[in-house]
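Just below is one structure, and these are the notes that go with it.
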Amino acid sequence: MSQLAAVSTAPSTDVLSPADAPAPADADQAALRSIRPPTRPDGAPVRVVDLFAGIGGLSLGVSQAAAAVGRPVDVALAVDRDPAALGVFSSVFPSADVTTEDVTSLVDGALGARATAAERALRRRVGDVDVLVGGPPCQGHSALNNATRHRDDRNELYLRMARAAEVLAPDTVVVENVPGARADRSGVVDRTVEHLRGLGYGVSVEVVDLSDLGVAQRRRRLVLLATRRASVSLAEVVQRHRRPSRGVAWAIDDLADVETDRLVDQRARSAATTRERIAYLFDHDVYDLPNELRPACHRGDHSYVSIYGRMRPDQPAQTITRGFYSMCMGRYVHPTRPRTITAHEAARLQHIPDHVDFSSIRKRGQLALAIGNAVPPRLTEAIGAEVLS
């Protein structure tokens, strides 16, 4: 039976699982392609609270690090406003307490103030916490939001991580955001650092390119690590857990011809003009569409060469966003096939392993948003290896 036939007759589930894939080249690739969740270790649990959790990339990375030292992870609470993303989170951590409650209603006190009634209830709800992680919404800091990004009210959500640390007193805090967060006019990052240091944490803040940790994607993120172990620095974490640069092919070459009825494997329904532009890239064996073949609104003197581009198999992808189905949103044309990448391939480029189940998401836009907003687990896997050892 051909690979395509074998995959097409697989059960209809959105667990990311290609059939008859080539043998993995290394342990990281094998873990990324695994369709079976790791066995839960028997050691003392690591208790995690995940705010702005999404599909759970940060918690998953902590879980991978904990498993390496024989400890399971118990997610005491995961909070996100997106129920579709939380459905995926629940599939990874079935016993987690997940909620779409607003973080600002759970952690509603001012920095340095006595715990509010809601915060005291939160402490009772979650109990002891070892690791607090969170990726506050980054749209307010995004370079795509030039008009208001340095004075957007959403930027203040970053400070809720500092208050949550004050209320829950975890051993370790990890906050992930875009590099532009440091330019916020109200200084949310510096205020968070100052407050955490006042609580007795050693704090390290660095811009980390996750391709340095082996993610097949250039994804620069501002990472804050606060820990009771003051000697831990993010620069040292990256240096100790650095991987060779990995190209797109490393992550997705076994998926090139996978086509199933599962949403994660379905291809974009591109318009005729888009198909013609993609065909040009392959017919002429080029990776950038000539300016004259772009829509009129995307011509002229500009620096956005990546849009309408084809991925290079031997280089990391550009940052994966919710726009990965469309070539007008970035360099999202497959390196060897005349189409844009699928959600399955986007998840791989986000370093999300195949055992993560997306079957709870039924709409293409929701799936793209959940994957594009995810944090590659390699980040907290590397950090966890340091703070849990």
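The values are calculated or read from the model by the stated rules, or taken from the named source; none is laboratory data. Since the model is a prediction, treat every value here as computed from it, not as a measurement. Counting neighbours? That spans all protein chains shown, and the Cβs are built from the backbone with ideal geometry, glycine included. Surface accessibility is based on the protein's heavy atoms, side chains included, excluding ligands, DNA and RNA. Shrake-Rupley method; radii C 1.70, N 1.55, O 1.52, S 1.80 Å.
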Which number in (1) at positive phi; (2) among the charged types (D, E, K, R); (3) at pLDDT 95 or above marks the one condition that ASP20 misses? (3)
Taking the range 223-249 as the search range and keeping residues that are within 27 Å of GLY180 (Cβ to Cβ) and hydroxyl-bearing (Ser, Thr, Tyr), which one is least open to solvent (accessible area, probe 1.4 Å)? THR227
So which residues in the range 243-264 are charged (D, E, K, R) and within 19 Å of the chain's Cα centre (by Cα), if there are any at all? ARG243, ARG246
Identify, from the list VAL189, VAL215, VAL207, VAL193, the residue that is of a type in the set (Val, Ile, Thr) and open to solvent by 50 Å² or more (accessible area, probe 1.4 Å). VAL207
Report yes if GLY70 is in contact with a Gly (Cβ under 9 Å, 6 or more places away or on another chain) and either at positive phi or at pLDDT below 95 (or both), otherwise no. yes
If I ask for residues that are more than 24 Å from the chain's Cα centre (by Cα) and exposed (fewer than 15 other Cβ atoms within 10 Å of the Cβ), which ones from the range 92-115 would you list? SER105, ALA110, GLY112, ALA113, ARG114
Looking at the range 270-289, which of its residues are open to solvent by less than 30 Å² (accessible area, probe 1.4 Å) and out of contact with any helix residue (DSSP H, G or I) (no Cβ under 8 Å at 6 or more places or on another chain)? LEU281
Among the residues of the range 304-318, what is the count of those that are open to solvent by 40 Å² or more (accessible area, probe 1.4 Å) and either touching a residue at least 60 places away in the same chain (Cβ under 8 Å) or part of a strand (DSSP E or B) (or both)? 5
What are the residues in the range 250-269 that are open to solvent by 10 Å² or more (accessible area, probe 1.4 Å), touching a helix residue (DSSP H, G or I) at 6+ places or on another chain (Cβ under 7 Å) and in a loop (DSSP other than H, G, I, E, B), if any? ASP257, GLU259, THR260
Would you mention how many residues in the range 142-158 are at pLDDT 95 or above and open to solvent by 10 Å² or more (accessible area, probe 1.4 Å)? 1
ASP50 passes all but one of (1) assigned to a strand (DSSP E or B); (2) in contact with a His (Cβ under 7 Å, 6 or more places away or on another chain); (3) not aliphatic (A, V, I, L, M); which number fails? (2)
Could you go through the range 315-324 and let me know if any residue there is more than 23 Å from the chain's Cα centre (by Cα) and under 24 Å from ARG348 (Cβ atoms). no
In the range 332-376, residue nearest to LEU32 (Cα to Cα) [restricted to those that are surrounded by fewer than 24 Cβ atoms within 10 Å (Cβ to Cβ) and either among the charged types (D, E, K, R) or in contact with a His (Cβ under 6 Å, 6 or more places away or on another chain) (or both)]: ASP354
